[in-house]
Structures are given as structure tokens and as C-alpha cells.
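The values are calculated or read from the model by the stated rules, or taken from the named source; none is laboratory data. Note that this is a predicted model, so its numbers are computed, not measured. Note that each Cβ is placed from the backbone with ideal geometry, even for glycine, and that neighbours are counted across all protein chains shown. The protein model used for the area step is the full one, side chains on, heavy atoms only, and it has no ligands, DNA or RNA in it. Shrake-Rupley method; radii C 1.70, N 1.55, O 1.52, S 1.80 Å.
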There are 2 protein chains.
Amino acid sequence: MPRAATTSDIFNAVAEPRRREILTFLARRERPVSEIVIGLELDQPSVSKHLRVLRETGLVHMRCQGRQKFYRTNAQAIRPLHDWASRFEQYWSQQLNRVKQRAEAVAARENT
Amino acid sequence: MPRAATTSDIFNAVAEPRRREILTFLARRERPVSEIVIGLELDQPSVSKHLRVLRETGLVHMRCQGRQKFYRTNAQAIRPLHDWASRFEQYWSQQLNRVKQRAEAVAARENT
DNA sequence: ACATTAGATGTCTATATAGGAATATGTCAA
DNA sequence: TTGACATATTCCTATATAGACATCTAATGT
């Protein structure tokens, strides 16, 4: 079996670095496709294809105005990723505490 | 160009759902491979291959003991993912606030 | 109507899987 | 040494890209 489709979920969609750049670029405000092409120095068909993946996974919203299409990051859609990673927060803070405690123990020993 | 290797970075590594399951499974405590096989109902070669990807990206640590190998999630390695997603937190909270404010405005109107 | 502009789609190619089956490596126990 | 056990690797196949290039569609201005 090959890898899951990039459109299967947000984890696969954001695995591509260019798509992450696009999401960052479109987070603050909506922009037409041409601005993405110029701003990120990608060629236009490539941007359109990435936007399609992002649209299908709900990571961006699109608004038509004349012949322009304005895209904007849908920040809400990124929450599941954040939530998943957050489950490990307790573990890395534990690890940090252990490191900190060891350092303090060493320091205390050196001061006696 | 094909997709980037799963071992190229953690974004690609965690794009695979089974690997996310494994990381969750190994977060609380270290376990030998056989426990992963039984616990997640995967076949052994598949688990070994996923573990290799996770090892190469630094998402798990491994410890040998006799003929067993104990794996454990390296929570620290997940932080970049969390940090990236966190950059969008301000935007989704803004969106939530707008929704909240609209709801409150409606409620206020109905009470007059 | 016609040329122009913005964006989307199609084609082609090289490459990296994930799964399944078979096999290899390494370690312990009798 | 031999056999059993734990894990890793190899081989095979079908499939899904991402990039480059060409082309198509839709909306606009004159």
C-alpha cells in the first residue's frame, strides 16, 4: 500500500513544507493566488495544486471576487494537530523537570 | 518530484496514523516490540519498519536488553510540531472571540 | 467580439512509500 | 551445538505524489 493521500487528513496535508509556508503566509490575511506565487517564489500551477489540497482538507477558505480568488488559512482546522501534539506536553515537561532536578542535584553536591 | 521521505522530518513521520498510534502507546512507558505488536494488532515486520522511521527522526529512543529492544517515545522531538501549530493559536482564538461576541450581541438584543 | 488576465487542470516522470511474505540476524537456554 | 525466541531486513507491488510544462476556463476591459 502506498502512502495515504495528502488530502486524507491534515497530518498528510501539512507534511509538505511548501504547504506549511502557504498556511503561514495566509494566516494573517486573505490573499489572491498571484500574491502567493510572488511572495513564496513558486510557480502558479504548483500553488494552485497545493491550494487544492489545502482546500480539500479544510485548511484554507476561498472567496471569489471577479476573476481573483482570495485564500485564507482556516486556523481552526489546525487545532487537531495542536491537540494531538499537546498530549505529549506532559511528558516533555516531565523530562525537562528531570533534567533540571539532576542539574540542581549536581550543583548542590558541588556546593558542599 | 515525489513526496519527501518519511524520515526527512517529523511532519512526514507522523503523517502515518499507525506511527501516531505507536507514539501514543510508547509515551507513558517503554515497551518491547512484541507488546506493540500485540497492543496495536499490527504484524511484527510492519512495527519494526515504523519504529525505524521513528528512530531515524528521533521520535523514539531505544534500549537493548538481552534479545529484547525497549522503545519509548521521545516527547521532546514532538515539540517542533506543537510549536508550529501554536503559531496559529492566536488566529483561531480570534475567530472564537468573534463568534462569541456575535452570540453575546444576539443575546443582548433579545433581552431588550 | 476579442484580447487579456487570473487561476485551474492535464500530462509526464522519477521516486518513495506501506503492506505482505519470506528470510536474516542476534541472543538466550538446554 | 542446537533450537527457540525477538527483532530487523529484503523483495515485491500498487499507488500517490511534486515538479515542470502545456493547455484550458472563466471573468474583465475595450
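The 1.4 Å probe gives accessible areas that order A:I38, A:I10, B:I36, largest first, as A:I38, A:I10, B:I36. For region B:74-94, there are no residues whose amide N sits under 17 Å from a probe point set 7 Å from the Cα of A:F70 along the beta carbon direction. For the residues A:E89, A:E56, A:E16, a GNM of chain A with alpha-carbon springs under 10 Å puts the largest fluctuation on A:E89.
Compactness of chain A was expressed as the Cα radius of gyration divided by 2.2 N^0.38 Å, which yields 1.58. Per residue, region A:10-110 exposes an accessible area of 57 Å² to a 1.4 Å probe, with every protein chain left in place. The order of A:H50, A:H61 by accessible area, most exposed first and with a 1.4 Å probe, is A:H61, A:H50. Reducing region A:24-102 and region B:4-41 to their Cα centroids gives an inter-centroid distance of 24 Å. Here is the interface size for A with B: some 3300 Å² of accessible area buried, both sides summed, with a 1.4 Å probe.
Springs join every pair of Cα atoms under 10 Å in this Gaussian network model of chain B, and among B:K49, B:K69, B:K100 the largest mean-square fluctuation is at B:K100. Over region B:1-65, with every protein chain in place, what whole percent of the accessible area is carbon and sulfur at 1.4 Å, could you tell me? Accessible surface attributable to carbon and sulfur in region B:1-65 totals 50 percent. Only Lys, Arg, Asp and Glu carry charge here, each on its Cβ (+1 for the first two, -1 for the last two); on that basis region B:10-110 has a dipole of about 260 debye about its Cα centre. Taking a straight line from the alpha carbon of A:K100, these aspartates and glutamates sit under 17 Å away, with near neighbours fewer than eight places off in the same chain left out: A:E89, A:E110. Orientation-averaged projection of the protein assembly as shown equals 20.8 nm² [convex hull of Cα atoms, one quarter of hull surface area]. Taking every DSSP helix (H) stretch of at least 4 residues in chain A, weighting each as -39,500 (n - 2.57) and dividing the sum by the residue count yields a mean residue ellipticity at 222 nm of -17000 deg cm²/dmol. Between B:S46 and B:F25, the modelled labels are 1.0 nm apart [label points 7 Å from Cα along Cα→Cβ].
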